[in-house]
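Here the structure is laid out as structure tokens; the discussion comes afterwards.
The values are calculated or read from the model by the stated rules, or taken from the named source; none is laboratory data. Being a predicted model, the structure only gives us computed values, none of them experimental. Here Cβ is always computed from backbone atoms with ideal geometry, including for glycine, and neighbour counts include all displayed protein chains. These accessible areas exclude ligands, DNA and RNA; they are computed on the full protein's heavy atoms, side chains included. Shrake-Rupley method; radii C 1.70, N 1.55, O 1.52, S 1.80 Å.
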Amino acid sequence: MGRLFGTDGVRGLANAELTPELAVAVAVSAAHVLAPEPDGPTGRRPVAVVGRDPRASGDMLEAAVVAGLCSAGTDVLRVGVLPTPAVAHLVAETGAAFGVVLSASHNPMPDNGIKLFAAGGEKLPDDVEDAIERLVAAPDGWRRPRGAAIGRAVDHAAGADRYLEHLLGSLPHRLDGVKVVVDCANGAASAVSPEAYRRAGAEVIAIHAEPNGLNINADCGSTHLETLIAAVAEHGADLGIAHDGDADRCLAVTADGTPVDGDQIMGILALAMRESGTLTDDVLVVTVMSNLGLHLAMREHGIEVATTAVGDRYVLELLRSRGLSLGGEQSGHVVLPRHATTGDGTLTALQLMARMAATGASLAELAAVVRPLPQVLLNVRVADKAAAVDTVVRDSVASAERELGDSGRVLLRPSGTEPLIRVMVEAATQPQAAETAEKIAAAVRAASPI
């Protein structure tokens with residue numbers, strides 16, 4: 001069996017790979033590792049916050065997680081359907097020992113997942129996930145309280161309002177005069193995100209905001225911008241905002257329907273924060289997948305770009321270790337540590353629209369600060385990932401980097417889950433990027449033919 005935890009919790013096909021039995025085991029093990037021991041059989045029990053997205057399997061898996069937590073002597077605050085960052089916020093606000101989110105983010109409806117937050121709403125480091133995983137595999141080590149020491153579960157009806165108050169408290173400028181279409185992906189953002197934008201002063205048109213448990217992420221949300229683009233044009237909106245199923249990411253489209261990705265959003269926010277004096281040390285944290293165009297734009301404006309491996313958890317680690325104030329991913333996970341412990345799509349959208357309202361500039365004008373370079377990504381299937389990057393391949397990459405110079409770059413990395421080598425090339429023109437990527441891909445295929 002491979003590692004249970006992936007880059008963002010435990011995820012799989014609900015009731016096949018991610019079963020109720022596994023959900024109970026993860027919940028019990030998390031309680032052992034993350035929650036303090038109860039103060040005797042009648043003492044104060046630790047508390048966990050549990051939320052979910054609206055996919056159909058959430059009822060089943062929530063019941064299993066709550067049962068597991070209570071059986072381990074942990075009380076549960078059920079917050080219902082809320083965005084992942086809302087649960088992280090409520091963990092911190094309530095002083096809970098940890099939090100659990102049942103969501104598979106942007107994955108199709110049949111999938112589901114279990115995400116865990118430590119006290120304070122922080123994501124778990126690898127060693128803590130490893131400790132939980134060891135207990136999942138060894139249930140004989142579980143403590144089993146009796147009587148009054150067994151946990152109790154209650155609904156936390158005020159969770160959504162508390163989260164909305166928190167979001168609105170972060171707002172640097174009201175959104176009066178901004179007209180926005182928001183695509184909620186029929187997911188966890190369907191109620192709170194449109195309400196947050198309305199309370200902030202925007203005129204809001206919500207689409208894909210009627211979750212029925214089966215339609216989450218179905219041809220909508222941040223991975224399918226087509227209907228959002230059409231709705232922005234239909235309503236004459238200033239912009240469109242797209243969330244994923246658990247609303248921890250945000251992408252946008254301009255009034256004329258041009259997509260604005262996470263790199264451009266981070267560029268806009270970095271300049272706004274530097275202007276207000278809140279961009280700590282004038283540093284932006286991104287992953288290696290961020291476009292070179294963002295690096296060039298930030299360099300032009302005197303902002304340092306620090307780079308991490310792929311995954312918002314690595315962005316978070318660097319933000320925390322250096323005390324920085326802005327980071328994220330091209331995919332739309334943007335982290336603002338002053339206000340959140342994880343990517344928060346609604347928070348990001350509020351900050352983006354506040355910049356529009358404060359400057360009077362259109363989203364297209366603001367996004368023009370970052371001019372993305374043409375990018376080509378090829379997934380090359382190989383027999384052996386280690387053998388696929390031999391001396392000839394490395395020489396091919398070095399040659400390409402010399403040819404591209406400062407106007408492009410090459411990224412070669414193995415897939416973490418499949419027998420693939422990912423070849424990414426950015427260049428001044430699309431033909432140059434495509435030609436360079438194919439040369440390197442051919443070298444990779446020759447090094448490890450299937």
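What whole-number distance in Å separates the alpha-carbon centres of the range 78-129 and the range 221-294?
Measuring centre to centre over Cα atoms gives 23 Å.
Order HIS106, HIS243 by their accessible area, 1.4 angstrom probe, all chains in place, largest first.
Values: HIS106 70, HIS243 0 Å².
In descending accessible area the options line up as HIS106, HIS243.
Only four residue types carry charge here, +1 at the Cβ of Lys and Arg and -1 at the Cβ of Asp and Glu. Report the dipole size of the range 70-227 about the Cα centre in Debye, rounded to the nearest 20.
Working: 13 positive and 20 negative charges, 111 e Å.
My answer is approximately 540 debye.
Sort ASP312, ASP219 by accessible area with a 1.4 Å probe, largest first. Each step should come with its number before you reach the end.
On the way: ASP312 15, ASP219 110 Å².
The ranking, largest first, comes out as ASP219, ASP312.
Pick out, from VAL50, GLN264, ILE132, the residue whose Cα sits farthest towards the positive end of the charge dipole of the chain, with +1 on the Cβ of Lys and Arg and -1 on the Cβ of Asp and Glu.
Checking the options against the dipole of the chain, the answer is ILE132.
Quick one: net charge around TYR197, please, counting Lys, Arg +1 and Asp, Glu -1 for every other residue with C-beta under 13 Å from its C-beta. Don't skip to the answer; put the middle values down first.
Details: positive: ARG174, LYS179, ARG198, ARG199; negative: ASP176, ASP183, GLU195, GLU203, ASP238.
Result for the neighbourhood of TYR197: -1.
Among DSSP bridges having both ends in the range 279-341, what percentage is antiparallel? Round to the nearest 5. Mind showing how you got there, number by number?
Numbers: 2 of 9 bridges.
Within the range 279-341, antiparallel bridges account for around 20 percent of the total.
Which FRET efficiency value, to the nearest 0.05, is calculated for GLU210 and ASP384 with the Förster distance at 51 angstrom and r the Cβ-Cβ distance? The partial results should precede the final answer.
Values: r = 48 Å, r/R0 = 0.94.
After rounding, the FRET efficiency stands at 0.60.
May I ask you to list the trypsin sites (Lys or Arg not before Pro) in the range 125-179 that are in a DSSP loop and have at most 14 other Cβ atoms within 10 Å of their Cβ? Before the final figure, lay out each step's value.
Working: sites: ARG134, ARG143, ARG146, ARG152, ARG162, ARG174, LYS179; in loops: ARG143, ARG146, ARG152, ARG174.
Answer in residue order: ARG143, ARG146, ARG152.
Count neighbours as other Cβ atoms within 10 Å of each site's Cβ, and list the GluC sites (Glu not before Pro) in the range 1-106 that are DSSP loop with at most 15 such neighbours.
Numbers: sites: GLU17, GLU21, GLU62, GLU93; in loops: GLU17.
Listed in order of number, the matching sites are GLU17.
Would you mind estimating how fast the range 276-341 diffuses translationally, via Stokes-Einstein at 10 °C and 1.306 mPa s with the Kirkwood radius over Cα pairs, in µm²/s?
Working: Rh = 11.7 Å.
Rounded to a whole number, D works out at 135 µm²/s.
Dimensions of the range 157-198 along principal axes (Cα, Å, largest first)?
30, 23, 11
Hey, can you grab everything whose amide H is under 5 Å from the amide H of VAL49? Only 5+ residues off in sequence or another chain; H modelled, so Pro and N-termini drop out.
Amide H neighbours of VAL49, under 5 Å, 5+ apart: LEU77, PHE98, GLY99, VAL100.
Quote the convex hull volume per residue of the range 13-104, based on C-alpha atoms, as a whole number of Å³.
Numbers: hull volume 7.6 nm³, N = 92.
Dividing the Cα hull volume of the range 13-104 by its residue count gives 83 Å³.
Leaving out ligands, DNA and RNA, what percent of the accessible area of the range 1-153 is carbon and sulfur, probe 1.4 Å? Could you put the intermediate results ahead of the total?
Working: 3230 of 5880 Å².
The value for the range 1-153 is 55 percent carbon and sulfur by accessible area.
May I ask which residue of VAL283, ALA443, ALA367 lies farthest towards the positive end of the charge dipole of the chain, with charges of +1 (Lys, Arg) and -1 (Asp, Glu) on Cβ and the Cα centre as origin?
Checked the options; the winner is VAL283.
Leaving out ligands and nucleic acids, and using a 1.4 Å probe, what accessible area per residue does the range 396-450 come to in Å²? It would help to have the intermediate numbers written out before the result.
Details: 2720 Å² over 55 residues.
About 49 Å² of surface per residue is accessible.
Just how much of THR94 is accessible, in Å², when a 1.4 Å probe is used and the result is rounded to the nearest 10?
Per-residue accessible area (THR94): approximately 60 Å².
Quick one, which of [x] 61; [y] 46; [z] 33 is the actual percent of Cα pairs over 35 Å apart calculated for this model?
[z]
Going by the alpha-carbon gyration tensor, a ≥ b ≥ c the square roots of its eigenvalues, is the range 116-275 rounded (a/c under 1.5) or, if a/c is not under 1.5, prolate (a/b greater than b/c) versus oblate? The partial results should precede the final answer.
On the way: a/c = 2.03, a/b = 2.00, b/c = 1.02.
Since a/c reaches 1.5 and a/b is larger than b/c, the shape of the range 116-275 is classed as prolate.
For the range 336-450, give the magnitude of the charge dipole about the Cα centre (Cβ charges: +1 Lys/Arg, -1 Asp/Glu; no others), in debye to the nearest 20. Before the final figure, lay out the partial values.
Numbers: 12 positive and 12 negative charges, 44 e Å.
Around 200 debye, computed over the range 336-450.
In the chain, if the dipole is taken from +1 on Lys/Arg beta carbons and -1 on Asp/Glu beta carbons about the Cα centre, which of LEU164, VAL393, ASN217 is farthest to the positive end?
LEU164
Just the accessible area for ARG198, please: 1.4 Å probe, Å², rounded to the nearest 10?
My reading of the accessible area for ARG198 is about 110 Å².
Could you put MET60, MET424 in order of accessible surface area, largest first, with the 1.4 Å probe and the full protein assembly present? Walk me through the numbers before you get to the answer.
Numbers: MET60 60, MET424 0 Å².
The ordering from most to least exposed comes out as MET60, MET424.
Express as a percent, rounded to the nearest 5, the fraction of DSSP beta bridges in the chain (both residues included) that run antiparallel.
Values: 34 of 65 bridges.
Antiparallel bridges: around 50 percent, rounded to the nearest 5.
Is the range 347-450 best put as rounded, prolate or oblate by its Cα gyration tensor, with a ≥ b ≥ c the root eigenvalues, rounded for a/c under 1.5, and otherwise prolate when a/b is larger than b/c, oblate when not?
Verdict is prolate for the range 347-450.
Loop-only trypsin sites (Lys or Arg not before Pro) in the range 265-344, please: DSSP not H, G, I, E or B, and at most 13 other Cβ atoms within 10 Å. Could the numbers behind the result be given before it?
Details: sites: ARG274, ARG299, ARG313, ARG320, ARG322, ARG338; in loops: ARG338.
Answer by residue number: ARG338.
Can you tell me the alpha carbon radius of gyration of the range 269-405 divided by the globular rule-of-thumb value 2.2 N^0.38 Å? Walk me through the numbers before you get to the answer.
Numbers: Rg = 17.4 Å, N = 137, 2.2 N^0.38 = 14.3 Å.
Cα Rg divided by the expected 2.2 N^0.38 Å: 1.22.
Using a/c under 1.5 as the rounded threshold, could you call the range 95-161 rounded, prolate or oblate? The axes a ≥ b ≥ c are square roots of the C-alpha gyration tensor eigenvalues, and prolate needs a/b larger than b/c, oblate otherwise.
Details: a/c = 1.60, a/b = 1.11, b/c = 1.44.
Cα axes put the range 95-161 in the oblate bin.
Can you compute the charge dipole magnitude of the range 343-410 about its Cα centre, using +1 on each Lys and Arg Cβ and -1 on each Asp and Glu Cβ, nothing else charged? Give it in debye, rounded to the nearest 20.
Details: 7 positive and 8 negative charges, 25 e Å.
Result for the range 343-410 is approximately 120 debye, rounded to the nearest 20.
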